Every structure is written in C-alpha cells, then in structure tokens.
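Data block below; observations after.
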Amino acid sequence: MQQPRVIKIGGSLLTLPHLKEQFRAWCQDNPHPLTWVIVGGGEMVDAVRRIDQAKRLPEAFAHWLSIDLLQHTARLAHEILDDVVLCETLDEVEQAAVKSTAANARPVTAIVQVGVFFWRGAGNMGLPASWDVTSDALAAAFARMRGAEELVLMKSCGPPCDASQFDQLAACGYVDPCFAGLAGEIERVRFVDLRSFQGSDRA
C-alpha cells in the first residue's frame, strides 16, 4: 500500500477567489492516490491572537480554542473545494483510506478534522498547548501519525529563505517553532505558493 500524502492549506487561502480551481490544478499536476488535507485557522484564529494580545488569555485556553476553530475552517474548505471528502470521525478517516486502495479507485482527497487526532488530555505528539504550535506543526504531526511520504504546505507566499532549513523558516516566522522537529522526520516536505501557482495547462 502506498503511503499517503498530507497537504496543509493555509487558512489565509480561504479568501483566494479561485481556491477550488488552483487546488484542483495543483492536484492534477501532482496526482496521488490518497491525500489527507489539514486546513489552517486563517482570520478566525488571527482574531483569537489579537484578543490574546489585548487581554492575555491563558495560554492553553487560547491554544485549544484555536484548535476548536479549525473544525469550522475545515468545513468552509470542504464547501469551497466541493469535490473532496470531509472526515469528522476516525471511522470516516479509515473508510477513506480503504476506499483509496480499491481496484480502479480514483484518487481520494479528504479533509480531516484536526480534533479527530488532537484533543485535550491526549499526548498530542508531545506538542505544547501554546502559540508555538500552529496548523503547520499539527499537519506535520498528523503526517507522522499516518506515515505520510510527503507533506505539502500550501501558503499565500513562498519561503523567504532556503526551504530545506526548517529552523531558519521558523526564525523568520514562515512556520511555527515546533514544525522543524516534526518535519525533519518526514521523507519529503514541500512549500507551495498557491496564490501564484500556475498549473501546466495555464503555463
């Protein structure tokens, strides 16, 4: 069985006018039998950050509130992308995985609710309940949980420095501080500026 791929769609991309078409074009240029999708928090989580800066919320409270909000951005992405699966339970995740292995199966692309694998009181791959963890690290942790062969981070801009130097990317704020320790264990990590992406049929 081929290992899956994990794509993280940055929450800022939810405002991209042609997100559905851009995402579909990228997937057509980069086909894979099973793609799990994690969706970032975007403006919803940014609002929590601003309130935290003003009110100094308890760190763990802000962290888990932000993760709770990811269920809504996942549903938004599901509505926008239209032709992908939404997995909101572990059973649905496993059903999607099995479907991808059927004879003559079409590629399966499924958005996964982060809360299926990360919750209060669990080990959560040792990740702290703090702002040091964003959907970048959550996607990397999920990729490791599922034995993914590749992690693709789709963002609104490209890396500002060497994309292979995760510590440098964290230092300049392109990824979160916990990302590097997780991504280093994944076979292949790619960063995609989806706003500027031009598919092969558009070049």
Quiz item: Here are some conditions: (1) within 23 Å of Gly158 (Cβ to Cβ); (2) touching a residue at least 60 places away in the same chain (Cβ under 8 Å); (3) not in a helix (DSSP H, G or I); (4) not hydrophobic (A, V, I, L, M, F, W, C). Pro17 meets all but one. Which one does it not meet?
Solution: (2)
Quiz prompt | Odd one out for Glu43, checked against (1) surrounded by 14 or more Cβ atoms within 10 Å (Cβ to Cβ); (2) in contact with a Ser or Thr (Cβ under 9 Å, 6 or more places away or on another chain); (3) assigned to a helix (DSSP H, G or I) | solution = (1)
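Restricting to the stretch 110-141, name every residue that is more than 26 Å from Gly173 (Cβ to Cβ) and either out of contact with any Phe, Trp or Tyr (no Cβ under 9 Å at 6 or more places or on another chain) or buried (at least 16 other Cβ atoms within 10 Å of the Cβ) (or both). Working first, answer last.
Looking only at the stretch 110-141, we keep the residues that are more than 26 Å from Gly173 (Cβ to Cβ), and these are 110, 113, 116, 119-123.
Hits for the stretch 110-141 are Ala110, Gln113, Val116, Gly121, Ala122, Gly123.
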Quiz item: Is it the case that some residue within the stretch 47-57 is buried (at least 18 other Cβ atoms within 10 Å of the Cβ), in contact with a Ser or Thr (Cβ under 9 Å, 6 or more places away or on another chain) and over 13 Å from Leu69 (Cβ atoms)?
Solution: no
Quiz prompt | Some residue of the stretch 150-167 being basic (Lys, Arg), under 23 Å from His72 (Cα atoms) and in contact (Cβ under 8 Å) with a residue 60 or more places away in the chain | solution = yes
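Residue by residue, here is whether (1) closer than 25 Å to Pro33 by Cα; (2) at pLDDT below 95; (3) charged (D, E, K, R) holds:
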| residue | (1), (2), (3) |
| --- | --- |
| Glu92 | yes, no, yes |
| Val98 | yes, yes, no |
| Arg106 | yes, yes, yes |
| Gly121 | no, yes, no |
| Ala141 | yes, no, no |
| Ala180 | no, yes, no |
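The values are calculated or read from the model by the stated rules, or taken from the named source; none is laboratory data. None of these values were measured; they are calculated from a predicted model. Backbone-built Cβ (ideal geometry, glycine too); neighbour counts: all protein chains shown.
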